[in-house]
Amino acid sequence: MDRRDFILISLASGLSAASIARPALATSGELEVFKTPTCGCCSAWVDHMVRAGFNVTASDVDQETLWAMKDRAGVTPALSSCHTAFIDGYFVEGHVPAGDVQRLLMERPDALGLTVPGMPIGSPGMEMSDLRDAYDTLLVLRDGSIEVFESHA
C-alpha cells in the first residue's frame, strides 16, 4: 500500500483531521503533494519546491477527494487554494514559498500547517512576468485560529 492508498483509506474510514495531517504521511524533508491533474500552477509550485531541495512526491486526485483531504486536515474553504501537501506532520496549502516551509520545519510550532489562500500573482507557481500581489503566509494553529507567519510584498 502506498501513501495515496493510505490517505484514501483513511478518508473512507473517517479518521480525524489530526490523523490525516499529523502522522508519518511524509517524513522530514519529504513533501507529499495532492493536486488535480489539470492544474499547471500546482506543477509549477512542485518544481519550485524541488528546486529548493525538497524531495517531492506529487499525486493527482479528483476534486472531490482533494476537498475531503483539505477538510480533514483543517483547511477551511476560506484558507484553501488549489493543491494540498503534507510534510513532517504539517499541511502546506497552496502557493507557500519554500523558505516558509523550511522555517516551519526549523521552528516546529504547535500548529496544523501553513496556507497561502487563493492564488496570489507572483507567489511560487503563480509567476506572471514582473507582476506581483502582496500576500501573507498564514499559520493555522491547532484551535483553528490563524496568525500571519510571513508577509510577502
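Taking the residues in region 16-50 that are over 18 Å from GLY113 (Cα atoms) and in a loop (DSSP other than H, G, I, E, B) as candidates, determine which candidate is modelled with the lowest pLDDT.
In this case the residue turns out to be CYS39.
Residue by residue through region 127-145, note down the ones that are within 15 Å of the chain's Cα centre (by Cα) and not polar (S, T, N, Q).
ASP136, LEU138, LEU139, VAL140, LEU141
Sort out for me the strands (runs of 3 or more DSSP E) sitting completely within region 51-133 that have 1 or more residues that are touching a strand residue (DSSP E or B) at 6+ places or on another chain (Cβ under 6 Å) and closer than 17 Å to VAL148 by Cα.
Per the criteria, 90-94, 111-116.
The values are calculated or read from the model by the stated rules, or taken from the named source; none is laboratory data. All values derive from a computational prediction rather than experimental measurement. A quick note on method: Cβ atoms are made from the backbone with ideal geometry, for glycine too, and the neighbour counts reach across all protein chains shown.
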